[in-house]
Amino acid sequence: MKKIINIIMGSVLLFSGLVNAHDYKNGNLHIDHPWSKQVPPTSAVAAAFFNIMNHGDEVDTLLSAKSPIAGKTELHAHIHEDGMMKMREVEKIDIPANSTRTLKPGSYHIMFFDLKQVPALGDRFPLTLHFEKAGRVEIEVAVEKATYKPEDQEKIEKEEHAGH
């Protein structure tokens with residue numbers, strides 16, 4: 001009997017790990033743990049962040065994004081302008097060959113405006129990404145606490161800075 005319970009519990013743990021993991025692959029691209037910060041229930045805006053690993057030998061480009069939770073979805077970056085950091089819409093986000101592009105607070109990210117639905121902590125919502133080479137990629141964005149920082153973020157940031 002204990003053996004059967006152990007097998008069932010092991011299966012449940014394995015399955016729950018697979019359900020919680022959310023990464024996506026399409027062509028040479030691997031998108032890891034898309035997430036959004038929890039925003040107040042009256043918010044009209046939200047943002048999404050994730051890592052995009054390009055395992056190919058050519059640059060790919062994120063051209064657009066769309067989600068049913070928002071009236072408008074834009075690609076954004078923070079830029080230094082007139083001595084201040086400002087958020088601006090960008091036409092595209094290049095994903096360098098054999099490299100990782102990190103969409104994170106204070107850098108590139110996806111912005112959602114005119115929210116039709118404000119996602120709550122623990123929710124997931126759909127996001128469609130359109131890449132020049134990889135084409136259309138459907139992902140789900142997990143809503144995390146506003147203080148959330150991905151576990152592997154420091155490692156990725158070190159790798160990004162090592163190339164500069």
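The values are calculated or read from the model by the stated rules, or taken from the named source; none is laboratory data. In this text the structure is predicted, and so the values were computed from the model without any measurement. Methodologically, a virtual Cβ is constructed for each residue, glycine included, from the backbone with ideal geometry; neighbour enumeration extends over all protein chains shown.
Condition check: loosely packed, with under 15 Cβ neighbours inside 10 Å, in a strand (DSSP E or B) and aromatic (Phe, Trp, Tyr). Does PHE113 satisfy that? In short, yes.
Selection of the stretch 76-97 for residues being without any contact (Cβ under 8 Å) to a residue 12 or more places away in the chain and either surrounded by 18 or more Cβ atoms within 10 Å (Cβ to Cβ) or not in a strand (DSSP E or B) (or both) yields ASP82, GLY83.
So that you can scan it fast, the table gives a plain yes or no per residue for (1) closer than 19 Å to PRO40 by Cβ; (2) in contact with a strand residue (DSSP E or B) (Cβ under 9 Å, 6 or more places away or on another chain); (3) surrounded by 12 or more Cβ atoms within 10 Å (Cβ to Cβ); (4) modelled with pLDDT of 95 or more:
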{"residue": "SER67", "(1), (2), (3), (4)": "yes, yes, yes, yes"}
{"residue": "GLU74", "(1), (2), (3), (4)": "no, yes, yes, yes"}
{"residue": "SER99", "(1), (2), (3), (4)": "no, yes, yes, yes"}
{"residue": "LYS155", "(1), (2), (3), (4)": "no, no, no, no"}
{"residue": "HIS161", "(1), (2), (3), (4)": "no, no, no, no"}
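Taken over the stretch 21-53, the residue count meeting the criterion of being surrounded by fewer than 18 Cβ atoms within 10 Å (Cβ to Cβ) and hydrophobic (A, V, I, L, M, F, W, C) is 3.
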